[in-house]
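Visitor: Sharing a structure, written as C-alpha coordinates. Questions coming.
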Amino acid sequence: MKLLVIEDELKLAHYLRKGLQAEGFVVDLAHNGIDGLHLAMESEYDLIVLDSLLPGIDGLGLLAALRRSKRTPVIMLTARVKVEDRVHGLQSGADDYIVKPFAFSELVARIRALLRRTHSAQGPEPETMLSAADLEVDLVSRKATRKGQRVALSVQEFVLLCLLLRRQGNVLSRSEIAEQVWGINFDDNTNVIDAAIRRLRSKIDVPFDRPLIHSVRGIGYVLETRDP
(Lines give C-alpha, C1' and ligand atoms only; values in the text may rest on other atoms or scores of the structure.)
Protein backbone atom coordinates (compact mmCIF):
# COMPACT_ATOMS: atom_id res chain seq x y z
CA MET A 1 0.00 0.00 0.00
CA LYS A 2 1.35 3.44 -0.96
CA LEU A 3 0.55 6.51 1.12
CA LEU A 4 1.21 10.23 0.70
CA VAL A 5 1.74 12.31 3.84
CA ILE A 6 1.40 16.07 3.32
CA GLU A 7 2.60 17.77 6.51
CA ASP A 8 4.69 20.92 6.95
CA GLU A 9 5.94 20.12 10.46
CA LEU A 10 9.15 18.34 9.49
CA LYS A 11 9.61 16.44 12.74
CA LEU A 12 6.04 15.14 12.69
CA ALA A 13 6.20 14.31 8.98
CA HIS A 14 9.33 12.19 9.35
CA TYR A 15 7.95 10.56 12.50
CA LEU A 16 4.81 9.58 10.60
CA ARG A 17 6.76 8.21 7.65
CA LYS A 18 9.03 6.15 9.87
CA GLY A 19 6.09 4.75 11.82
CA LEU A 20 3.98 4.01 8.75
CA GLN A 21 6.89 2.33 6.99
CA ALA A 22 7.30 0.13 10.06
CA GLU A 23 3.65 -0.85 9.54
CA GLY A 24 4.49 -2.04 6.02
CA PHE A 25 3.41 0.99 3.98
CA VAL A 26 5.40 2.76 1.27
CA VAL A 27 5.31 6.47 2.11
CA ASP A 28 6.01 9.64 0.13
CA LEU A 29 6.29 13.02 1.86
CA ALA A 30 5.43 16.56 0.86
CA HIS A 31 5.94 19.59 3.13
CA ASN A 32 3.75 22.17 1.40
CA GLY A 33 0.47 22.29 -0.46
CA ILE A 34 1.96 22.90 -3.92
CA ASP A 35 4.29 19.89 -3.81
CA GLY A 36 1.59 17.80 -2.16
CA LEU A 37 -0.97 18.56 -4.87
CA HIS A 38 1.57 17.83 -7.59
CA LEU A 39 2.38 14.40 -6.10
CA ALA A 40 -1.28 13.61 -5.46
CA MET A 41 -2.22 14.42 -9.07
CA GLU A 42 0.78 12.86 -10.81
CA SER A 43 1.05 9.60 -8.82
CA GLU A 44 -1.38 6.95 -7.64
CA TYR A 45 -1.79 6.57 -3.87
CA ASP A 46 -4.01 4.27 -1.85
CA LEU A 47 -4.55 7.00 0.76
CA ILE A 48 -3.44 10.55 1.59
CA VAL A 49 -2.80 11.93 5.09
CA LEU A 50 -3.31 15.68 4.74
CA ASP A 51 -2.58 18.49 7.20
CA SER A 52 -5.20 21.24 7.12
CA LEU A 53 -2.74 24.14 7.52
CA LEU A 54 -0.07 24.17 4.83
CA PRO A 55 2.09 26.79 3.11
CA GLY A 56 1.40 27.39 -0.57
CA ILE A 57 -2.06 25.85 -0.72
CA ASP A 58 -3.91 25.01 2.48
CA GLY A 59 -5.38 21.57 3.09
CA LEU A 60 -8.95 22.44 2.12
CA GLY A 61 -7.81 24.14 -1.07
CA LEU A 62 -5.67 21.14 -1.96
CA LEU A 63 -8.56 18.79 -1.21
CA ALA A 64 -10.95 20.79 -3.40
CA ALA A 65 -8.48 20.67 -6.32
CA LEU A 66 -7.90 16.95 -5.81
CA ARG A 67 -11.61 16.13 -5.67
CA ARG A 68 -12.19 17.64 -9.09
CA SER A 69 -10.46 14.65 -10.67
CA LYS A 70 -9.62 11.99 -8.05
CA ARG A 71 -11.35 10.06 -5.28
CA THR A 72 -8.22 9.03 -3.40
CA PRO A 73 -9.18 8.49 0.28
CA VAL A 74 -8.03 11.40 2.48
CA ILE A 75 -7.56 11.61 6.24
CA MET A 76 -7.15 15.21 7.39
CA LEU A 77 -5.01 16.22 10.36
CA THR A 78 -5.84 19.46 12.14
CA ALA A 79 -5.14 21.45 15.29
CA ARG A 80 -8.61 23.01 15.02
CA VAL A 81 -10.90 21.57 17.66
CA LYS A 82 -14.23 23.18 16.76
CA VAL A 83 -16.90 20.81 15.50
CA GLU A 84 -17.77 23.15 12.62
CA ASP A 85 -14.17 22.99 11.36
CA ARG A 86 -14.30 19.20 11.22
CA VAL A 87 -17.72 19.27 9.57
CA HIS A 88 -16.43 21.71 6.95
CA GLY A 89 -13.49 19.41 6.22
CA LEU A 90 -15.73 16.37 5.81
CA GLN A 91 -18.15 18.31 3.63
CA SER A 92 -15.21 19.42 1.46
CA GLY A 93 -14.39 15.81 0.62
CA ALA A 94 -12.26 14.42 3.46
CA ASP A 95 -13.05 10.80 4.36
CA ASP A 96 -11.91 11.07 7.97
CA TYR A 97 -10.62 13.70 10.38
CA ILE A 98 -8.12 13.49 13.26
CA VAL A 99 -7.44 16.32 15.71
CA LYS A 100 -3.86 16.99 16.84
CA PRO A 101 -2.34 15.81 19.08
CA PHE A 102 -3.30 12.22 18.30
CA ALA A 103 -2.04 8.73 19.12
CA PHE A 104 -0.11 7.14 16.25
CA SER A 105 -1.94 3.87 16.89
CA GLU A 106 -5.26 5.65 16.27
CA LEU A 107 -4.01 7.03 12.96
CA VAL A 108 -2.89 3.56 11.83
CA ALA A 109 -6.22 2.05 12.87
CA ARG A 110 -8.14 4.72 10.94
CA ILE A 111 -5.92 4.29 7.87
CA ARG A 112 -6.51 0.54 7.85
CA ALA A 113 -10.26 0.95 8.44
CA LEU A 114 -10.57 3.47 5.61
CA LEU A 115 -8.54 1.27 3.26
CA ARG A 116 -10.79 -1.69 4.10
CA ARG A 117 -13.90 0.35 3.36
CA THR A 118 -12.46 1.70 0.13
CA HIS A 119 -11.32 -1.65 -1.20
CA SER A 120 -14.53 -3.32 -0.11
CA ALA A 121 -16.50 -0.77 -2.15
CA GLN A 122 -14.17 -1.17 -5.14
CA GLY A 123 -14.12 -4.98 -5.02
CA PRO A 124 -10.47 -6.22 -4.72
CA GLU A 125 -9.01 -6.88 -1.29
CA PRO A 126 -6.03 -4.82 -0.14
CA GLU A 127 -2.58 -6.30 -0.63
CA THR A 128 -1.57 -8.60 2.24
CA MET A 129 1.26 -10.71 0.75
CA LEU A 130 4.45 -10.00 -1.19
CA SER A 131 6.48 -12.76 -2.83
CA ALA A 132 9.34 -13.61 -5.15
CA ALA A 133 10.28 -17.22 -5.94
CA ASP A 134 10.21 -19.05 -2.59
CA LEU A 135 10.34 -15.85 -0.53
CA GLU A 136 7.09 -14.66 1.04
CA VAL A 137 6.24 -11.69 3.25
CA ASP A 138 2.94 -11.48 5.14
CA LEU A 139 2.13 -7.79 5.62
CA VAL A 140 -0.56 -8.49 8.22
CA SER A 141 1.49 -10.68 10.58
CA ARG A 142 4.75 -8.96 9.49
CA LYS A 143 6.48 -12.30 8.96
CA ALA A 144 8.98 -13.25 6.27
CA THR A 145 9.65 -16.83 5.20
CA ARG A 146 11.85 -18.48 2.61
CA LYS A 147 11.31 -22.09 1.64
CA GLY A 148 8.83 -22.17 4.49
CA GLN A 149 11.49 -21.16 7.03
CA ARG A 150 10.87 -18.10 9.19
CA VAL A 151 13.37 -15.29 8.64
CA ALA A 152 13.79 -12.94 11.62
CA LEU A 153 14.09 -9.32 10.50
CA SER A 154 14.49 -6.00 12.29
CA VAL A 155 11.97 -3.24 11.56
CA GLN A 156 14.28 -1.54 9.07
CA GLU A 157 15.17 -4.84 7.38
CA PHE A 158 11.46 -5.61 7.02
CA VAL A 159 10.76 -2.18 5.47
CA LEU A 160 13.77 -2.54 3.14
CA LEU A 161 12.66 -6.00 2.03
CA CYS A 162 9.10 -4.80 1.38
CA LEU A 163 10.44 -1.95 -0.74
CA LEU A 164 12.59 -4.31 -2.81
CA LEU A 165 9.70 -6.76 -3.24
CA ARG A 166 7.21 -4.09 -4.27
CA ARG A 167 9.68 -2.81 -6.83
CA GLN A 168 11.09 -6.22 -7.83
CA GLY A 169 12.68 -6.24 -11.23
CA ASN A 170 13.41 -2.50 -10.96
CA VAL A 171 16.85 -1.23 -10.01
CA LEU A 172 16.69 1.05 -6.95
CA SER A 173 19.43 3.61 -6.46
CA ARG A 174 21.08 4.02 -3.08
CA SER A 175 19.58 7.51 -2.77
CA GLU A 176 16.07 6.18 -3.41
CA ILE A 177 16.52 3.43 -0.82
CA ALA A 178 17.86 5.94 1.71
CA GLU A 179 14.91 8.27 1.16
CA GLN A 180 12.24 5.54 1.26
CA VAL A 181 13.57 3.50 4.21
CA TRP A 182 15.42 6.00 6.38
CA GLY A 183 13.94 9.30 5.21
CA ILE A 184 17.43 10.77 4.73
CA ASN A 185 19.31 12.44 1.93
CA PHE A 186 21.97 10.05 0.66
CA ASP A 187 25.59 10.89 1.36
CA ASP A 188 28.03 9.25 -1.05
CA ASN A 189 30.54 8.97 1.78
CA THR A 190 28.38 6.70 3.93
CA ASN A 191 27.97 2.96 3.51
CA VAL A 192 24.71 2.71 5.48
CA ILE A 193 22.79 1.39 2.47
CA ASP A 194 25.44 -1.18 1.50
CA ALA A 195 25.71 -2.35 5.11
CA ALA A 196 21.94 -2.72 5.38
CA ILE A 197 21.79 -4.72 2.15
CA ARG A 198 24.61 -6.99 3.38
CA ARG A 199 22.68 -7.69 6.60
CA LEU A 200 19.50 -8.42 4.66
CA ARG A 201 21.33 -10.70 2.23
CA SER A 202 22.85 -12.62 5.14
CA LYS A 203 19.31 -13.58 6.16
CA ILE A 204 17.46 -13.73 2.84
CA ASP A 205 20.10 -15.08 0.44
CA VAL A 206 23.14 -16.59 2.15
CA PRO A 207 21.36 -19.51 3.89
CA PHE A 208 19.72 -20.51 0.59
CA ASP A 209 21.00 -21.72 -2.76
CA ARG A 210 19.50 -19.01 -4.97
CA PRO A 211 20.23 -15.30 -4.40
CA LEU A 212 17.39 -12.85 -4.97
CA ILE A 213 19.05 -9.52 -4.10
CA HIS A 214 21.57 -8.39 -6.71
CA SER A 215 23.99 -5.48 -7.00
CA VAL A 216 23.95 -3.26 -10.06
CA ARG A 217 27.36 -1.68 -10.39
CA GLY A 218 27.38 2.08 -10.02
CA ILE A 219 23.62 2.31 -9.45
CA GLY A 220 22.19 0.29 -6.56
CA TYR A 221 20.27 -2.93 -6.01
CA VAL A 222 17.48 -5.02 -7.46
CA LEU A 223 15.45 -7.93 -6.13
CA GLU A 224 14.59 -10.37 -8.89
CA THR A 225 14.59 -14.06 -9.76
CA ARG A 226 17.44 -14.97 -12.08
CA ASP A 227 18.25 -18.24 -13.77
CA PRO A 228 21.08 -20.15 -12.01
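The values are calculated or read from the model by the stated rules, or taken from the named source; none is laboratory data. Just so we're clear, the structure is a prediction, and the values are computed from it rather than from any experiment. Cβ: placed from backbone, ideal geometry, glycine included. Neighbour counts: every protein chain shown.
Visitor: Scan the stretch 93-104 and give yes if some residue there is part of a helix (DSSP H, G or I), loosely packed, with under 14 Cβ neighbours inside 10 Å and modelled with pLDDT under 90, otherwise no.
Guide: Looking through the stretch 93-104, none of the residues is part of a helix (DSSP H, G or I), loosely packed, with under 14 Cβ neighbours inside 10 Å and modelled with pLDDT under 90.
Visitor: Does LEU39 meet the test of being surrounded by 20 or more Cβ atoms within 10 Å (Cβ to Cβ), assigned by TED's automatic domain parsing to the domain that holds ILE111 and modelled with pLDDT of 90 or more?
Guide: Numbers: surrounded by 20 or more Cβ atoms within 10 Å (Cβ to Cβ): no; assigned by TED's automatic domain parsing to the domain that holds ILE111: yes; modelled with pLDDT of 90 or more: yes.
No, not satisfied.
Visitor: Checking the structure you have, find out if any residue of the stretch 108-117 is modelled with pLDDT of 90 or more, under 21 Å from HIS14 (Cβ atoms), β-branched (Val, Ile, Thr) and not in a loop (DSSP other than H, G, I, E, B).
Guide: The answer is yes; a qualifying residue exists.
Residue-wise test of (1) within 30 Å of LEU130 (Cα to Cα); (2) in the same structural domain as ASP138 (by TED's automatic domain parsing); (3) under 16 Å from the mean Cα position of the chain (by Cα).
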position: GLY24; (1), (2), (3): yes, no, yes
position: LEU29; (1), (2), (3): yes, no, yes
position: LEU47; (1), (2), (3): yes, no, yes
position: ASP51; (1), (2), (3): no, no, no
position: LYS70; (1), (2), (3): yes, no, no
position: ALA113; (1), (2), (3): yes, no, no
